[in-house]
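Quick note: the coordinates plus some simple rules give every number you see, no bench work behind them. Quantities reported herein were computed from a predicted structural model and do not represent experimental measurements. Every residue, glycine among them, receives a Cβ derived from its backbone with ideal geometry; neighbour counts consider all protein chains shown.
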Amino acid sequence: MVLATSNRTKQLLCVSYIEQVRADDLQRSREDLEALLAELRPGFRLLVDLTQLETMDSDCATEIGILMDLIDQRGVSLVVRVIPDPKKDIGMNILTIFHYRHRPRLVTCDKLTDAAEVLSL
């Protein structure tokens with residue numbers, strides 16, 4: 001499952017990957033993500049939360065790349081990822097090279113509390 005939310009006041013987009021994530025979950029969430037992105041100004045920040053991720057199918061990489069392209073096109077300035085288990089990193093760093101062409105600042109944290117600190121929440 002994918003859960004996307006935003007906070008316009010804080011110019012923050014949050015994307016959580018929960019339990020088992022499949023490519024069709026990402027495809028279904030794309031429309032919601034596009035609507036949330038439309039509410040944010042260039043320079044917004046992104047929180048990617050993998051704390052509740054159990055597994056992600058390998059065919060998700062293509063769809064995550066599409067989502068990264070959308071986020072990049074809207075002008076993300078900071079990407080904070082919470083990846084408590086390095087084994088659950090599905091190649092985000094490699095995908096970043098190809099899909100964040102505007103090179104936002106990237107921070108990876110082990111805990112959500114560390115991410116909140118980076119984001120000044």
Q | Overall dimensions of the chain as given by Cα atoms, namely Rg and Dmax in Å | A | 13.0, 35
Q) Under 14 Å from the 7 Å Cα→Cβ point of ASP59, by amide nitrogen: which residues of the stretch 18-34? A) 21-28
(Q) Along the Cα→Cβ direction, 7 angstrom out, place labels at THR113 and ILE18. What is the inter-label distance in nm? (A) 2.3 nm
Q: May I ask you to evaluate 6.51 cos²θ - 1.76 cosθ + 1.60, the Karplus curve with θ = phi - 60°, for each residue of the stretch 17-25 and list the ³J(HN,Hα) values in order in whole Hz, giving x for glycine and proline?
A: 9, 10, 6, 8, 10, 10, 4, 5, 4
